[in-house]
1. Among (i) 8, 28, 29, 18, 11, 5, 1; (ii) 8, 34, 39, 17, 2, 0; (iii) 7, 24, 24, 20, 14, 7, 3, 1, 0, only one was calculated for this model; which label is it, if the read-out is P(r) over Cα pairs in 10 Å bins from 0, in percent?
2. Between Ala49 and Lys193, what is the label-to-label distance in nm when each label sits 7 Å out along the Cα-to-Cβ direction?
3. If the chain between Ala75 and Thr142 were fully stretched, how many nm would it gain, using 0.36 nm times the residue separation less the Cα-Cα distance?
4. Which entries of Lys64/Lys131; Lys123/Lys179; Lys85/Lys125 have Cα-Cα distances beyond 27 Å here?
5. Can you tell me what the convex hull of the Cα atoms of the stretch 79-176 projects to on average, as an area in nm²?
6. Multiply the residue gap between Arg11 and Glu121 by 0.36 nm, knock off their C-alpha separation, and tell me the result in nm, one decimal place.
7. As an exercise, find the ratio Rg/Rh for the stretch 1-115 from alpha-carbon atoms, using the Kirkwood inverse-distance average for Rh.
8. Given labels modelled 7 Å from the Cα in the Cβ direction, how far is it in nm from Ser201 to Ile59?
Amino acid sequence: MGLISEGDKKRLSGLFERQFKDEVRLLFFTQENECPICSEIRGLLDEVAGLSSKIKVEIYDFLKDNEKAKEYKIARVPAIAVIGKRDYGIRIYGLPYGYEFRPFTELLLDISKGSTDLSMENKKKLASINKDTHIQVFVLLTCPYCPVVTRSAFKFAIENPHVRVDMTDIQIFPNLGQKYHVEGTPKTVINEKTDFSGAISEDLFVQQLMVIQREPTYYG
């Protein structure tokens, strides 16, 4: 039995058929001796790919395909790189399921179109970012507030090539939860030095990025 219900499959296949424009590649990085969650991720990606002929899944071994992992800057596994006409710098570390499934499917649509539904004002602000900006969003799949931040961060990466985003499930990577002092989700870390907890609106999130834009250049 798959992870996607028959009702959601029918809804999503219709949505993808109507709105998908360009091909989207899902590059899944795993290891030869897969962790339990790796097989679940592989299964979910296969299910999603079955909903549209424009969604392609590629499987890579983190160690055997080391050069490919370096090319896409994969830091750990399991990892998914979501690629459209270009690499938008979006990486998912964990299983994009639970509350994170909807932002994941919406991300696929945005990447297929190469654009988002951000307001023109926020798009103009994001266009002014000319320094590399790394956004890390730490989530739990049972967190109902996490998708708000995840969704916004994904949009920012699509709108500006200087922005890259990691969505990380701290249940899969508890060491990162400890490193970044994640006491509640969502927690967002920007350029390793600015962070905030909880869900915030897209407008406030963009304002945070504008403040960082005026700070000294980040080299991470």
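1. It is the value labelled (ii).
2. Distance between label points: 4.2 nm.
3. On the way: separation 67, 0.36 × 67 = 24.12 nm, distance 2.41 nm.
That pair, Ala75 and Thr142, stretches by 21.7 nm at full extension.
4. Check vs 27 Å cut-off fails for Lys64/Lys131; Lys123/Lys179.
5. Details: hull surface 24.1 nm².
Approximately 6.0 nm², given one-decimal rounding.
6. 36.4 nm
7. Values: Rg = 13.7 Å, Rh = 14.4 Å.
Using only Cα positions, Rg/Rh for the stretch 1-115 is 0.95.
8. Between Ser201 and Ile59, the label points sit 4.5 nm apart.
Quick note: the coordinates plus some simple rules give every number you see, no bench work behind them. The model shown is predicted, which means the values in this text are computed figures rather than measured ones. All Cβ positions, glycine included, derive from the backbone under ideal geometry; neighbour counts span all protein chains shown.
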